[in-house]
Amino acid sequence: MDFNVKRLAADAGTLFSRAVQFTEEKFGQAEKTELDAHLENLLARAECTKQWTEKILKQTEVLLQPNPNVRIEEFFYEKLDKKAPTRMNNHELLGESMIDSGNESGPGTAYGNALIKCGETEKQIGGAEREFIQSSAINFLTPFRNFLEGDFKTILKERKLLQNKRLDLDAAKTKLKKAKMADARALLCTVSCFCVGTRKPLGSTPPPGDAGYVANFSFMVNFLHVKWLKMWAEEVTKAEQDLKMTQSEFDRQAEITRLLLEGISSTHAHHLRCLNDFVEAQMTYYAQCYQYMVDLQKQLGNFPSAFSSNNNQSTASAGASVSVPILPLSAPLPSTTGNASSGFTELQNFTGSRKARVLYDYDAAGSNELSLLADEVIMVSCVPGMDSDWLMGERGTQKGKVPITYLELLN
């Protein structure tokens, strides 16, 4: 118990001397030991790295999860060391809604079938997004967090120790300076007391009657002088020893801090590799999304843009089935499609029939139309008076109108 009390008292004294030194430095009443320029640059570099790492980490989290409530929930689950509940992302929710709507509308209808295909693609995109987020969290976010919560906290701890060692060093310097000044004042005080006690200027001859008094007083002054000088000499020696010890501890702590700060370069190299992994994950994710949409557009075929353009036409033509194709992403340029266009024109201008391959599924909207299946081959011909966007299709004994945009003429 006695040892603990002494240690507590010593720690309290150290904290008090540091607080006094720090306060005097702030008010300009004490000198401050400056760190060397190289160490100062390393400290500034580490602080800059910490600030920008925090900003990049925060913005990346916002990018991967825009919903702040979900981010807070995931944060609490992470702190509690529990697995967050699995939930569908926005693409998957949209996909589920489209599939349910398509099944309700009827998978056999064009609109219902398109909804189901779009929903399946949205779910594929949602799965790709989930993989992208997981990959980014492991290969990008986790190393950044480890730096902030691990390496940089160690740097802060050693930097704080360096600050304390510097305060101890400056306090020891101040203590030594005051001890030397007190020693000088003690010597001056001794001489002054001698002069006042003899009531004579220093060096004068005392009268015969005062010889005993002067002798006694001189003995007392010499005794006190020796005591004071010895006491302050011990204080100076102790202060010099403390200064030597604190200087050694400060130099050792400065070297430890410098070695840790120089490790920031390896941190930058590690973060560069993580950044490359993040870019690669983004590239893979966007490439998957692009491929999914290309495949979806191939499945859906050429959407009839006349549904939107007919709104600007007269109501008389609103009920007509007019199909104007929109080129899919993988379709060739219009200059390469001249043969197909000329084939349809030739078929419309002359009588006769030709073979055509069905590009996409088509559900007949009435009894005068013919339902189509993708990749099947049928015979088509032009009937006088028929709309220019439609042909007469024939499959065995079945006949009916078919849209031109769903067909590819064969040579």
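The values are calculated or read from the model by the stated rules, or taken from the named source; none is laboratory data. Keep in mind the model is a prediction, meaning the values are calculated, not measured. With ligands, DNA and RNA removed, areas are computed over all heavy atoms of the protein, side chains included. Shrake-Rupley method; radii C 1.70, N 1.55, O 1.52, S 1.80 Å.
Hey, what do the phi angles of the range 144-151 turn into as Karplus ³J(HN,Hα) couplings, whole Hz, using 6.51/-1.76/1.60 and θ = phi - 60°, x for Gly and Pro?
For the range 144-151, the Karplus curve yields 5, 5, 4, 5, 5, 8, x, 4 Hz.
What residues qualify as long-range amide H neighbours of GLY400, i.e. H under 5 Å apart, gap of 5 or more or another chain, H built at 1.01 Å from N?
GLY393
Taking amide H positions as placed in the peptide plane 1.01 Å from N, state which residues far from LEU359 in sequence (5 or more) or on other chains have amide H under 5 Å from it.
Correct list: ASP375, LEU407, GLU408.
Taking 0.36 nm per residue of separation and subtracting the Cα-Cα distance, what length does fully extending PHE75 through ALA365 add?
So the chain would gain 99.1 nm between PHE75 and ALA365.
In what sequence, largest accessible area first, do PHE250, PHE16 appear using a 1.4 Å probe?
PHE16, PHE250
Once phi is turned into θ = phi - 60°, what whole-Hz ³J(HN,Hα) does the Karplus curve with 6.51, -1.76 and 1.60 give for every residue of the range 264-278, x standing for Gly and Pro?
Each residue's phi maps through the Karplus curve to give 4, 4, 5, 5, 4, 5, 5, 5, 5, 5, 5, 5, 4, 5, 5 Hz.
Distance between the C-alpha centers of the range 40-63 and the range 74-126? Whole Å please.
Between the Cα centre of the range 40-63 and that of the range 74-126, the gap is 36 Å.
Of the listed pairs LYS58/LYS157; LYS79/LYS117; LYS32/LYS153; LYS82/LYS153; LYS157/LYS180, which have alpha-carbon separations greater than 30 Å here?
Over 30 Å Cα-Cα: LYS79/LYS117; LYS157/LYS180.
In the range 77-150, carbon and sulfur make up what percent of the accessible area (probe 1.4 Å)?
Values: 2250 of 4290 Å².
Carbon-and-sulfur percentage of accessible area, whole number: 52.
What are the ³J(HN,Hα) values, in whole Hz, obtained from phi via the Karplus relation 6.51 cos²θ - 1.76 cosθ + 1.60 with θ = phi - 60°, for each residue of the range 58-63 in sequence order, with x given for Gly and Pro?
5, 5, 5, 4, 5, 5
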